[in-house]
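Worksheet: one structure, shown below.
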């Protein structure tokens, strides 16, 4: 690249810097809202598992959600980063807000990295477009405010590709070592990023030079080995135990048509929004949803082929990103959880952001009538995007209820957890299937036993073996908290498998919550 050309292409960095700053300020404005409101609008129960585990690590108890039961049912990098934060942040709510602040920083980094990648692919127009789209993305902002690892994993997914490109530019061992270390951290951020790392390694084996994989691979293994060895020794596998538990509880079967439809409905919204009307329509017409899924996959294949054929040099490795998006879509159709697809597909929205930005940049270089027609179409899409981003931003800054367009979002556990913990006697043992917020806010007042197995391998085994009533008795659980339907089901079915048969006394006067209108707590009379 000639010096004049490089200077011309680096000029947009002034704009990207301003866009990144604007994206940070927007996220900071949302973060400044009151914590009860942020919890109701954005935070799922699983966030509190990670916070409890980070607190336990900071206190020297190891990776546990309750201070006693070791677990691998979490994505470790976020907990590792939050553990030292717990030493300096006071209060339960302060720790939650610190978690969100960490993710705001990660998502802000993503804005700049996407701008850099888009610049390397297609120049200034693509760079500015990619940065603008992610800076204003309601999806990206809601994931950062949700407190889970999604924003961190998206950040590292973008970073590992950028590091790979940069190492290829420099062609020196230290840069490949750094790229490998980033790859290891990316897998610690979320285990499914392993697919992206595998694609990058495969690309390097195919296109060369192959020798760089040795220092990169050693660096990645060095980062991953301590955690993976610990998990293998302690739990028999490096794979998070939460995956097996969620798969066992999933309402969808692997490769069920509704799974294809729900994934298609999520991905179709891209970085702009998850449109409830579209997702509902596809969910109700799974055959149509399957067709939309195939169309999206075909488009990603075309983009991967296009980037592979048109790009030269190290930047051509970005062709693996559309394949990564396809891999995530297919994996989660197989995994079949039936919920949380919005956050699982957020990395796909990141890839879509790059595709849109590069596409606009290519259109910008056309000439004549095709350019005018294409720019007119792009302008109409941009207008729709601006409107959607505006609506999403207004919701994130002002609403005190969750965005129902998420379709699979369950948030707002804080108020419920505080009310439940107030009703349970100090020192009691409380069992809950969704125990994240209850356990986090209970602290040391009483013991909270996770029953869905997400952070409790023994409960996962009891669910699989059909021995949950015996497990509840063996753990001396004296109270249960969940929906009244689940507790009634336990009283009428599960409890009758015990001898003697216990009864349940439902507590009266528990406040009702808009997100949990039929929540209940009950004492088990052994």
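Quick notes on this structure:
- Listed by first and then second residue, the pairs with beta-carbon distance under 8 Å, at least 6 apart or on different chains, first residue in the range 34-49 and assigned by TED's automatic domain parsing to the domain that holds residue 448, second outside any helix (DSSP H, G or I), form an empty list.
- Failed condition for residue 144, given (1) farther than 16 Å from residue 35 by Cβ; (2) crowded, with 24+ Cβ neighbours inside 10 Å: (1)
- Checked against (1) part of a helix (DSSP H, G or I); (2) over 25 Å from the mean Cα position of the chain (by Cα), residue 366 meets all criteria but (1).
- Qualifying residue in the range 133-141 (condition: at positive phi and touching a residue at least 12 places away in the same chain (Cβ under 8 Å)): no
- Candidate set: the range 331-360, residues that are surrounded by fewer than 24 Cβ atoms within 10 Å (Cβ to Cβ) and closer than 14 Å to residue 132 by Cβ; chosen: the one nearest to the chain's Cα centre (by Cα): 356
- Within this structure, residue 159 passes the test of being buried (at least 18 other Cβ atoms within 10 Å of the Cβ) and part of a helix (DSSP H, G or I).
- Considering 431, 436, the condition of being under 20 Å from residue 42 (Cα atoms) and at pLDDT 90 or above is satisfied by 436 alone.
- Candidates 122, 83, 98, 65 - the one that is under 22 Å from residue 16 (Cα atoms) and either touching a residue at least 24 places away in the same chain (Cβ under 8 Å) or surrounded by fewer than 24 Cβ atoms within 10 Å (Cβ to Cβ) (or both): 122
- Just one residue in the set 350, 345 is closer than 21 Å to residue 276 by Cβ and assigned by TED's automatic domain parsing to the domain that holds residue 115; that residue is 345.
- Residue among 359, 390, 412, 338 that alone is modelled with pLDDT under 85 and either under 27 Å from residue 262 (Cβ atoms) or assigned by TED's automatic domain parsing to the domain that holds residue 147 (or both): 338
- Hey, residue 173 in the same structural domain as residue 98 (by TED's automatic domain parsing) and touching a helix residue (DSSP H, G or I) at 6+ places or on another chain (Cβ under 7 Å) or not: yes
- Test: residue 159 is touching a residue at least 60 places away in the same chain (Cβ under 8 Å) and touching a helix residue (DSSP H, G or I) at 6+ places or on another chain (Cβ under 8 Å): no
- Condition met for residue 93 (part of a helix (DSSP H, G or I) and closer than 23 Å to residue 418 by Cα): yes
- Residue in the range 60-76 that is in a helix (DSSP H, G or I), assigned by TED's automatic domain parsing to the domain that holds residue 236 and under 22 Å from the mean Cα position of the chain (by Cα) present: yes
- Selected residue (criterion: farthest from residue 401 (Cα to Cα)) from residues of the range 500-525 that are at pLDDT 90 or above and in a loop (DSSP other than H, G, I, E, B): 500
Table: residues versus (1) at negative phi; (2) within 25 Å of the chain's Cα centre (by Cα); (3) assigned by TED's automatic domain parsing to the domain that holds residue 521.
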| site | (1), (2), (3) |
| --- | --- |
| 397 | yes, yes, no |
| 401 | yes, yes, no |
| 418 | yes, no, yes |
| 421 | yes, no, yes |
| 424 | yes, no, yes |
| 428 | yes, no, yes |
| 433 | yes, yes, yes |
| 440 | yes, yes, yes |
| 445 | yes, no, yes |
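- For the criterion of being surrounded by 20 or more Cβ atoms within 10 Å (Cβ to Cβ) and within 20 Å of residue 40 (Cβ to Cβ), residue 512 fails.
- Only listed residue being assigned to a helix (DSSP H, G or I), at pLDDT 80 or above and touching a strand residue (DSSP E or B) at 6+ places or on another chain (Cβ under 6 Å), chosen from 495, 491: 491
- Selection over the range 375-394 of residues that are farther than 18 Å from residue 133 by Cβ and surrounded by 11 or more Cβ atoms within 10 Å (Cβ to Cβ) gives a count of 0.
The values are calculated or read from the model by the stated rules, or taken from the named source; none is laboratory data. What you see is a predicted model, and the numbers here were worked out from it, not measured in a lab. Quick reminder, even Gly has a Cβ in these numbers, built from the backbone with ideal geometry, and neighbours come from all protein chains shown.
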